[in-house]
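Have a look at the structure below before the remarks.
Values quoted throughout were computed directly from the atomic coordinates according to the rules given, and no laboratory measurement underlies them. All values derive from a computational prediction rather than experimental measurement. Cβ placement follows ideal geometry from the backbone for every residue including glycine, while neighbour counts extend to all protein chains displayed.
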C-alpha cells in the first residue's frame, strides 16, 4: 500500500491592506480568474475569494459587515471583556469587604488579585484607594 504524504501546512502570512486591494482589483478587472491570480501570487484561492467578497461588502454590492464594522465589533468585544472582568473584581471585593468589615485595609484582597493576574494599580484605581 502506498503512503500518502501530507502536504506541509503553510505558515500563516499577513498581508497589507494595499496588497489585498491590489489583488482584489486584479480579480475584478476580469482578465484573469481568482484561481489564476492566486497562483500567480502564491496565495490560497480561499483567501483571495474572502478578500474579493469583503471588498464587495465594503462597497455595498453584497450584504454583511464592512471592514470598519468588523473592527468596531472586535474593539467593543475586547472592551466588554475588560469591563466584565472589572465587574467580577468589584463583586469579589464587595464580598471580601462585607466579610472583613474594614474597607481601608485592602492588602489582603489585592495581593491574591495580583496572583490571579490583575495588577495592583488597576485594583486600586477601581477601589479608588492609594497604592501606598
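Starting from 0.36 nm per residue, how many nanometres of slack lie between residue 125 and residue 39 once their C-alpha separation is accounted for?
Working: separation 86, 0.36 × 86 = 30.96 nm, distance 5.40 nm.
Full extension from residue 125 to residue 39 adds 25.6 nm.
Could you tell me the calculated FRET efficiency between residue 13 and residue 49, based on Cβ-Cβ distance and R0 = 22 angstrom, to the nearest 0.05?
It comes out at approximately 0.85.
If you rank 20, 8, 91 by fewest surrounding Cβ atoms within 10 Å, what's the result? Intermediate values should be presented prior to the final figure.
Numbers: 20 18, 8 6, 91 10.
With the fewest neighbours first, 20, 8, 91 line up as 8, 91, 20.
Using Cα pairs closer than 8 Å and at least 6 residues apart in sequence, work out the relative contact order for the stretch 17-64, in percent. It would help to have the intermediate numbers written out before the result.
Numbers: 26 pairs, mean separation 14.5, N = 48.
After rounding, I find 30 percent.
I need 87, 52 ordered by Cβ neighbour count within 10 Å, fewest first. Can you show the working numbers first?
On the way: 87 11, 52 20.
Listing 87, 52 from fewest to most nearby Cβ atoms yields 87, 52.
What order do you get for 16, 67 when you list them from fewest to most C-beta neighbours inside 10 Å? Before the final figure, lay out each step's value.
Details: 16 8, 67 12.
Exposure proxy ranking, most exposed first: 16, 67.
Can you pull the percent of Cα pairs in the stretch 17-64 with separation above 17 Å?
Details: 282 of 1128 pairs.
Of all Cα-Cα distances in the stretch 17-64, 25 percent exceed 17 Å.
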